[in-house]
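Colleague: The structure's right below; bear with me while I get my questions together.
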């Protein structure tokens, strides 16, 4: 399987917790689809204290995994939204 693109996308989105609206991180997202996975190398600013846990309401919003051999967060449906 192929790795994610080496060239990082230009557009950046802010990822927020759906429950308490706290900003979780800034992410360099490519494409127009919904946010299903976040490669760790594309996170530009991380506001979480512990991986995959919201710092304010302590909701688990993702799971750490390897996608195509690259460390990533697999987003749980409906736990986050992006702007």
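Colleague: Roughly how many whole Å is it from the C-alpha centroid of the stretch 27-83 to that of the stretch 8-24?
Modeller: 9
Colleague: Given contacts defined as C-alpha pairs under 8 Å and at least six residues apart, what's the relative contact order of the stretch 33-77, whole-number percent?
Modeller: 43
Colleague: Another one. List the relative contact order of the chain as a percent without decimals, with contacts defined as Cα pairs under 8 Å and 6+ residues apart.
Modeller: 32
Colleague: Principal axis lengths of the stretch 13-82 from Cα atoms, whole Å, largest first?
Modeller: Principal extents (largest minus smallest coordinate, Cα): 31, 23, 22 Å.
Here, each number is a calculation from the coordinates, and none is a lab measurement. Nothing here was measured: the structure is a model prediction, and the numbers come from that model.
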